[in-house]
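Student: Before I ask anything, let me first share the structure, which is written out below as structure tokens.
The values are calculated or read from the model by the stated rules, or taken from the named source; none is laboratory data. On a predicted model such as this, the values are computed, not experimentally measured, just so you know. When we count neighbours, we look across all protein chains shown, and the Cβ atoms used for this are built from the backbone with ideal geometry, even at glycine. Protein only, heavy atoms only, side chains kept; ligands, DNA and RNA dropped before computing areas. Shrake-Rupley method; radii C 1.70, N 1.55, O 1.52, S 1.80 Å.
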Amino acid sequence: MGQVNRKAPMRTPVRWLVTLAAMFALLAIPLLRLRGDSSAQQPSEEPPVRIPSNVAWTRETLALVSSGDPFRGLLLARRCNHCHGEEGFSAVPVFPNLAGADRLSFWKQMEDFRSGKRISPVMQVQAAGLSTRDSADLAAYYSMLPTARDPQDSRSFPQTMQDPSLATIAIRLILFGDGQRGIPPCQSCHGPVSYVNGAPLLAIQNESYLQDQLEHFANGYRSNDINVRMRSIARQLTAQEKTAVSEYYGAGLGPGVYSR
Amino acid sequence: MKKKIGFATVMLLVALSILSTRFYEVSLPVWHLLGGGNGPDPATLHLRGEFVESNLGAAQDREGFLTVRMIAQQYVFVPQCIIVPAGVPIRFRITSADAVHMLSFLGTDYGLKAVPGTVTEARFTFSKTGEFKIPCHEFCGAGHYAMRGQLDVVPQDQFSSLRPGERRTCGPG
């Protein structure tokens, strides 16, 4: 009884359903072909692969870097104090300041020094004596150092701007970038507006160090940025713009966590 | 019963036709479906696969197509400037390293979505020569409005053929 009652009204919808299914199947054919195409075609000959950095921001790497032990980092940091200062601020402006450093950025640079992806005669030797774990501990320690001014400290930061008239150019690039040339604002990756993985903190960085790095990115001497990000930007900057941005950040005027 | 089914079919067709005009708003799940999780991992694009930095730009592939490979990332396109000949079908293969981006070739009818974990492929033929800006057309973060690439379309005779293994971009490096 029940079976008969159920069957009778089902017949017509079943036919419609089959028709609809057939229609969708027809629609799906070009999609499947598209998929087959893309996987089948390979470039005829590939140039030698260049890998900028062995670091990739996978889940495991992020977990490793963020689990650094700052107390162990404090002990390890004794060998960094000579150049980078006991409070993470160096006495000579060509050496970078490390206080308040971004953990991911710090760790990535140490890895790149060790693997030779970033060239520095001094730092490559230093990094060779540290393990992946040590770098994570150091990163944790330096990221926790305060950046506020200390009258007892012999730091060179902040430097004074050589040419204060460059401030307008610097502010424009840091806050707004240059859309016509495809230069994004510095603060959209280096903070404080938003951050991307591996972008260092610029607000407490020395002028000469920043200027050197921008030059090196532009001429390809430094090429350990993932997916050619900083190289694309630095190449487009004029000499005046590089000086302006470095001097502005070096004078402690840039937006960020630095407090005077 | 027949009336009801007829009505339902008509409504379905109307809905589909409306959806088809809003394709770009519903295409994202489609791209994810097509990618099927087999696309390149956005975190390791620079380590392996076709999107390593030495393989980006215009390349000649075995089928005779000119293929342009690009990465869209916060907040630059890499390579930032690409050069292609006019009047020839060009294959674009594009992926994203972080958020969803969209390339819109200003001055032409073309646009392309870059989705992390998925390779977007399309064939375009540019009839006009000139320089076209490629702004990012999908909000991707704080620097979105300054994210811009450039496409140079040159006459075919000015675009010397690529040697195997050669990758061409305009601009330095």
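Student: What shape does the range A:59-144 take by its C-alpha gyration tensor, where a ≥ b ≥ c are the square roots of the eigenvalues and a/c under 1.5 counts as rounded, a/b above b/c as prolate, and the rest as oblate?
Tutor: oblate
Student: Moving on to the next point. Which aspartates and glutamates, if any, have their Cα less than 15 Å from the Cα of B:K133, not counting same-chain residues under 8 positions apart?
Tutor: Here the aspartates and glutamates satisfying the reach criterion relative to B:K133 are A:D178, B:D109, B:D152.
Student: Can you report the principal axis dimensions of chain A using only the alpha carbons, biggest first, rounded to whole angstrom?
Tutor: For chain A, the Cα extents along the three principal axes come out at 96, 45, 43 Å.
Student: Would you please put A:144-153, B:110-119 in order of how densely packed they are, using the mean number of other Cβ atoms within 10 angstrom per residue and starting with the highest?
Tutor: B:110-119, A:144-153
Student: At the nearest 100 Å², what buried accessible area, both sides summed, do you get for B and A when the probe is 1.4 Å?
Tutor: In total, this chain pair buries about 4000 Å².
Student: How much FRET efficiency would the formula 1/(1 + (r/R0)^6) give for B:Q158 and A:R172, where r is the Cβ-Cβ distance and R0 is 30 Å, rounded to 0.05?
Tutor: So, using R0 = 30 Å, E works out to roughly 0.25.
Student: May I pose another question? How about A:K108: which lysines have a C-alpha closer than 21 Å to its C-alpha, ignoring those fewer than 8 places off in the same chain?
Tutor: In chain and number order, the partners are A:K117.
Student: Something else: Taking the Cα centre of the range B:42-158 as origin and charging only Cβ (+1 Lys, Arg; -1 Asp, Glu), how large is the dipole, in debye to the nearest 20?
Tutor: For the range B:42-158, the charge dipole is close to 100 debye.
Student: Still on this structure: Tell me the mean residue ellipticity at 222 nm calculated for chain A from its helices only (DSSP H runs of n ≥ 4, each -39500 (n - 2.57), averaged over every residue, nearest 500).
Tutor: Dividing the helical sum by the residues of chain A leaves -16500 deg cm²/dmol.
Student: Rounded, prolate or oblate: pick one for the range A:44-189, where a ≥ b ≥ c are the square roots of the eigenvalues of its C-alpha gyration tensor, a/c under 1.5 means rounded, and failing that, prolate if a/b is larger than b/c, else oblate.
Tutor: Oblate is the answer for the range A:44-189, as a/c is 1.5 or above yet b/c matches or exceeds a/b.
Student: Whenever you get a sec, compute what percent of the accessible area on the protein assembly as shown sits on carbon and sulfur atoms (1.4 Å probe).
Tutor: Answer for the protein assembly as shown is 60 percent, counting heavy atoms of protein chains only.
Student: Using Cα pairs under 8 angstrom and six or more residues apart, how large is the relative contact order of the range B:42-158, in percent?
Tutor: Relative contact order comes out at 27 percent.
Student: Sort the range A:114-260 into rounded, prolate or oblate with this rule: let a ≥ b ≥ c be the square roots of the eigenvalues of the Cα gyration tensor; rounded if a/c is under 1.5, and if a/c is not under 1.5, prolate when a/b is larger than b/c, oblate otherwise.
Tutor: Judged from the Cα gyration tensor, the range A:114-260 comes out oblate (a/c at least 1.5, b/c at or above a/b).
Student: Multiply the residue separation of A:V14 and A:C83 by 0.36 nm, subtract the distance between their alpha-carbon atoms, and state the gained length in nm to one decimal.
Tutor: Here the segment from A:V14 to A:C83 would lengthen by 16.9 nm.
Student: Name the most mobile residue of B:Q60, B:Q158, B:Q74, meaning the one with the largest mean-square fluctuation, in a Gaussian network model of chain B with Cα contacts below 10 Å.
Tutor: Comparing B:Q60, B:Q158, B:Q74 in a Gaussian network model of chain B, the most mobile one is B:Q158.
Student: Could you give the size of the charge dipole of the range A:164-250 about its Cα centre, using +1 on the Cβ of each K and R and -1 on the Cβ of each D and E, expressed in debye and rounded to the nearest 20?
Tutor: With only Lys, Arg, Asp and Glu charged at Cβ, the dipole is about 260 debye.
Student: Ok, one more. Averaged over peptide B:139-146, how many Cβ atoms belonging to another chain are found within 10 Å of each residue's Cβ?
Tutor: Mean number of neighbouring Cβ atoms from other chains: 6.
Student: Another one. Hey, what number do you get for chain B at 222 nm if only DSSP H runs of n ≥ 4 count, each worth -39500 (n - 2.57), divided across all residues, to the nearest 500?
Tutor: -6500 deg cm²/dmol
Student: Give me the number: length gained by fully extending A:Q180 to A:Q152, i.e. 0.36 nm times residue separation minus the C-alpha to C-alpha distance, one decimal in nm.
Tutor: Between A:Q180 and A:Q152, full extension yields 5.5 nm more.
Student: Once Lys and Arg get +1 and Asp and Glu get -1 on their Cβ, which of A:V228, B:V119, B:F51 lies farthest toward the positive end of the dipole of the protein assembly as shown?
Tutor: The residue sitting most towards the positive pole is B:V119.
Student: Straight-line reach from B:K4: which lysines fall under 25 Å, measuring Cα to Cα and dropping same-chain residues less than 8 apart?
Tutor: Candidates past the 8-residue exclusion: A:K7.
Student: Under a point-charge model restricted to the Cβ atoms of Lys and Arg (+1) and Asp and Glu (-1), what is the dipole moment magnitude of the protein assembly as shown relative to its Cα centre, in debye to the nearest 20?
Tutor: Computed about the Cα centre, the dipole is about 2140 debye.
Student: List for the range A:182-209: residues with 40 Å² or greater reduction in accessible area, all protein chains versus chain alone, probe 1.4 Å?
Tutor: Buried on complex formation: A:G182, A:P184.
Student: In nm, to one decimal, how far is the A:A239 label point from the A:Y221 one, both placed 7 Å along Cα→Cβ?
Tutor: According to this spin-label approximation, the distance is 1.5 nm.
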